[in-house]
Amino acid sequence: MLTNWIQRIRARTIALLSLAAAVCFTAVACSGGGGSTVATATGPSISPDLVADYIHTVLAADRTAYTKHVVSRVKTLEGKEKDKGVLDVESTEGWQQTDGIPLPAQMFRLGYEIANESGLFTYGLISPWYINDNHGPKSDFEKVAMDEMVASGEPYKGYQEVGDQAYFSAMYPDKAVAEACVSCHNTHPVHLERYPDKVFELDEVMGGVVINIPVESMPAA
Ligand code: HEC
């Protein structure tokens with residue numbers, strides 16, 4: 001009898017606490033002006049712009065670390081011998097067929113294929129001169145962002161609606177920071193067939209990393 005009563009009190013307290021949490025959450029979510037903020041249940045809101053910068057920092061760091069500390073230590077990169085290689089393995093596009101290891105762009109894709117299933121946000125690597133068919137700019141936002149970014153060399157950020165969902169989207173330039181970027185893409189059979197006139201040069205924007213963060217609504221025009 002008594003335990004029953006305590007249980008009921010407990011259930012009510014929990015219900016009340018969840019209601020309070022929901023009210024706090026809504027207050028935080030709505031306090032950002034124009035719904036342009038990412039709400040957190042426990043603390044101050046963070047702008048999606050900053051969230052995108054955080055995510056991009058991690059993505060770029062992981063890709064650089066993999067390139068610098070794994071791929072640059074392999075004995076062979078896409079059929080070409082490397083004199084400073086210490087790992088007896090090849091980094092190659094056909095890594096699954098040759099018992100090799102993935103190229104950095106493939107490693108990046110293997111990561112986003114897993115992360116994009118989380119349902120929290122999505123990201124990807126795209127380019128107007130894509131080798132992988134899934135990497136072409138698709139939405140109007142991506143097409144405009146890509147043109148602007150290729151022209152300016154700077155990140156491009158904005159809002160877009162896909163279906164009924166509003167997103168804050170940010171595109172960051174992926175530049176030819178090493179000679180290997182240029183030489184591998186310029187001599188890739190798919191590149192040669194599709195874009196025979198496109199010859200990448202060092203430091204050029206070769207594509208972009210795009211990050212899409214769902215937001216409550218599009219900002220007021
Ligand atoms: C040894 C070859 C090789 C090197 C080096 C290389 N890439 Fe790639 N890159 C590829 C391949 C192959 C793909 C397609 C990967 C896939 O299957 O998704 C790709 C994909 C890309 C994409 C996405 C668009 C597309 O073509 O599918 C961008 C952008 C890109 N690379 C930029 C770079 C940059 C910048 C560097 C240097 C930091 C670089 N790549 C180094 C082979 C290479």
**Q.** In the stretch 172-205, residue least open to solvent (accessible area, probe 1.4 Å) [restricted to those that are within 16 Å of the chain's Cα centre (by Cα) and in contact (Cβ under 8 Å) with a residue 40 or more places away in the chain]
**A.** 172
Q. Residues in the stretch 98-119 that are without any contact (Cβ under 8 Å) to a residue 40 or more places away in the chain, open to solvent by 40 Å² or more (accessible area, probe 1.4 Å) and not hydroxyl-bearing (Ser, Thr, Tyr): how many?
A. 9
Q: Please enumerate the residues belonging to the stretch 44-59 that are open to solvent by 30 Å² or more (accessible area, probe 1.4 Å) and in contact with a helix residue (DSSP H, G or I) (Cβ under 9 Å, 6 or more places away or on another chain).
A: 44, 45, 46
(Q) Is it the case, given these coordinates, that residue 209 is at pLDDT 95 or above, among the aliphatic types (A, V, I, L, M) and within 9 Å of the ligand (Cβ to nearest atom)? (A) yes
Q: Test each condition in (1) crowded, with 17+ Cβ neighbours inside 10 Å; (2) hydrophobic (A, V, I, L, M, F, W, C); (3) within 13 Å of the ligand (Cβ to nearest atom) for residue 95 and report the one that comes out false.
A: (1)
Q | Considering residues of the stretch 133-155 that are assigned to a loop (DSSP other than H, G, I, E, B) and open to solvent by 90 Å² or more (accessible area, probe 1.4 Å) only, the residue farthest from the ligand (Cβ to nearest atom) | A | 154
(Q) Can you find a residue that is more than 15 Å from the ligand (Cβ to nearest atom) and under 18 Å from the mean Cα position of the chain (by Cα) anywhere in the stretch 121-130? (A) yes
Q: Filter the stretch 71-92 down to residues that are in contact with a Leu (Cβ under 9 Å, 6 or more places away or on another chain) and more than 11 Å from the ligand (Cβ to nearest atom) and give me whichever is least open to solvent (accessible area, probe 1.4 Å).
A: 85
**Q.** Only one of 127, 169 that is buried (at least 18 other Cβ atoms within 10 Å of the Cβ), under 17 Å from residue 185 (Cβ atoms) and not acidic (Asp, Glu)
**A.** 127
Q) How many residues are more than 23 Å from residue 59 (Cβ to Cβ), at pLDDT 95 or above and within 15 Å of the ligand (Cβ to nearest atom) when one looks only at the stretch 156-190? A) 4
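The values are calculated or read from the model by the stated rules, or taken from the named source; none is laboratory data. None of these values were measured; they are calculated from a predicted model. Heads up, the Cβs are rebuilt from the backbone with ideal geometry, glycines too, and the neighbour counts pull from every protein chain shown. The area values use the complete protein model at the heavy-atom level, side chains included, leaving out ligands, DNA and RNA. Shrake-Rupley method; radii C 1.70, N 1.55, O 1.52, S 1.80 Å.
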